[in-house]
Every structure is written in structure tokens, then in C-alpha cells.
Amino acid sequence: MPLRTIDAEPTPISVDPARTALILIDMQRDFLEPGGFGETPGNDVGLLRVAIGPCRALLETARRQPMLIIHTREGHRPDLSDAPPAKVSRGNPSLRIGEQGPMGRVLVRGEPGHDIIEQLAPLPGEPVVDKPGKGAFHATDLHALLHNRGIADLILCGVTTEVCVHTTVREANDRGYRCIVPGDCCASYIPEFHAMGLRMIAAQGGIFGWVTDSARVLAAFG
Ligand code: TIU
């Protein structure tokens, strides 16, 4: 495939679409809609909705490319056997993981809150990786899926910037993938962490990867 050059910080980056994966991280009702896990510590979940439109634009463009598209979901088995007690017991949330909320049991697989929001619903053939942690590589088969398709570069979108997106970028960087993060396709409950999280990725000559935005990715694939 001809290479596509995406303008980015700290430098432009050229990618082969057939060796690139778009990974949409945890765009789930539990994080983006009221009554889910994201709201339980007192967060304003409305702050994350700005990422939906840009993610959708990238998803539609990626679907026209020979590009692997992967969706992830954070959540636990119904018996919570894969939920570390330290994760379940931390803080003073309005509902704990596994407790019943308006979208079913909080952060539990198979519950309505665990679903990906309808605007970004996976199509048949787009793998969905269920992950028990923040990073999408921890305790999942993501690395195998990428390796089997010869993927070298990742475009990472989703929520939240400094938690699951950042952890996944760090995991991917240590595994040798080049990570490209369109900042407007990510969002956080804590806006200054979003801004700093993006700066951390591109600092020091791109210590974890490249930062761009949806318009510059669309221009490269247009
Ligand atoms: N997906 C993800 O980022 N999980 C979190 O728990 N994020 C928070 O910011 N809480």
C-alpha cells in the first residue's frame, strides 16, 4: 500500500494503512452516559462526549481503508473473579463495581452499561477486546491480534486520555508499536489531565508516540 503521511507532533509520520490499526478504547455507556461507572466517583460524564463525533469520523474513514479496526471494553466477569479487590474497594463511589445501577451492574460484562455507545457500535468482523484493566494489552489477546495481521502502527482513540488511553499507549510503546493519538478523539473527566496527557506522549521527541487530531488524520487518508 502507498504510505500515508499524517501531520503530527513532534514530527509527521508515514504509515501503511494495511499495517495500521485503529483502536477505539472503552467508548462505552459506563464511561459516557449518566448512571455508569464513570459517574460513580462524582465525574461529569458529559465532558467525554466531545470525542464521539471525531471518533465517528475516523471510524468511517478507517472502514474505507484496508485498516484493522479494534474496539475495547473495560469490564469484569459477572462473578468479579477477574476484578482485583483493590480496584473494587477503592475510594467512596456512589456504586461499586458489580453493584446494580440504572444501566445494570456497574462495569460488568453483558450488562447494558458495558455496551459500546451506539454511535460507535462495532460492525461484524471488527474485533472487540474485553479487558479487565486499564491497559488493552494486560490480560487480553490484543498483541496476538495485531501480530497476526502484521500491524506496526496504532491510531488510538477513546476514553479517558490519561487513564485507559495512556496506559494502552505505554503498553504498546514498550511492545514496539508506533502510537498515533488524535487528541480530539480522546477525552477526560479532568480537562487539564487530557491536555497534559497528550503533551506527555509527544514530549522528548515523542517518548510514547505522536499526537495529532482527527482533521489531520482525515486529510492523510482523504
Ligand atoms: N477506560 C478508562 O479510562 N477507565 C477509567 O476508569 N477511567 C477513568 O478515568 N476513571
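Electrostatic tally near GLU9: other residues with Cβ closer than 11 Å to its Cβ, Lys and Arg +1, Asp and Glu -1, net 0.
Judged by the gyration tensor of its Cα atoms, with axes a ≥ b ≥ c, the range 128-222 is oblate; a/c meets the 1.5 cut and b/c is at least as large as a/b. A Gaussian network model of the chain, with springs between Cα atoms under 10 Å, assigns the largest mean-square fluctuation among ARG175, ARG29, ARG90 to ARG90. Helix content alone sets the calculated 222 nm mean residue ellipticity of the chain: runs of n ≥ 4 DSSP H residues at -39500 (n - 2.57) each, divided across all residues, give -7500 deg cm²/dmol.
Toward the positive end of the charge dipole of the range 4-221, about the Cα centre and with charges on Cβ (Lys, Arg +1; Asp, Glu -1), which of THR161, ALA51, ALA203 goes farthest? Value: ALA203. Structure remark: mean-square fluctuation, Gaussian network model of the chain, C-alpha springs under 10 Å; the largest value among ASN43, ASN148, ASN173 belongs to ASN148. Counting only protein heavy atoms and a probe of 1.4 Å, the accessible surface of the chain is 54% carbon and sulfur.
Among PRO124, PRO54, PRO66, the largest mean-square fluctuation in a Gaussian network model of the chain (Cα springs under 10 Å) belongs to PRO124.
Taking every Cα-Cα distance in the chain and sorting them into 10 Å bins from zero, the calculated P(r) comes out as 8, 36, 37, 15, 3, 0 percent. Summed over the residues of the range 62-113 and divided among them, the accessible surface reaches 49 Å² per residue at a probe radius of 1.4 Å.
The values are calculated or read from the model by the stated rules, or taken from the named source; none is laboratory data. Quick caveat, the model's predicted, so the values are computed rather than measured. Because the Cβ atoms are built from the backbone with ideal geometry, glycine has one as well, and the counts that use them run over all protein chains shown. Surface areas here come from the heavy atoms of the whole protein model, side chains and all, with no ligands, DNA or RNA. Shrake-Rupley method; radii C 1.70, N 1.55, O 1.52, S 1.80 Å.
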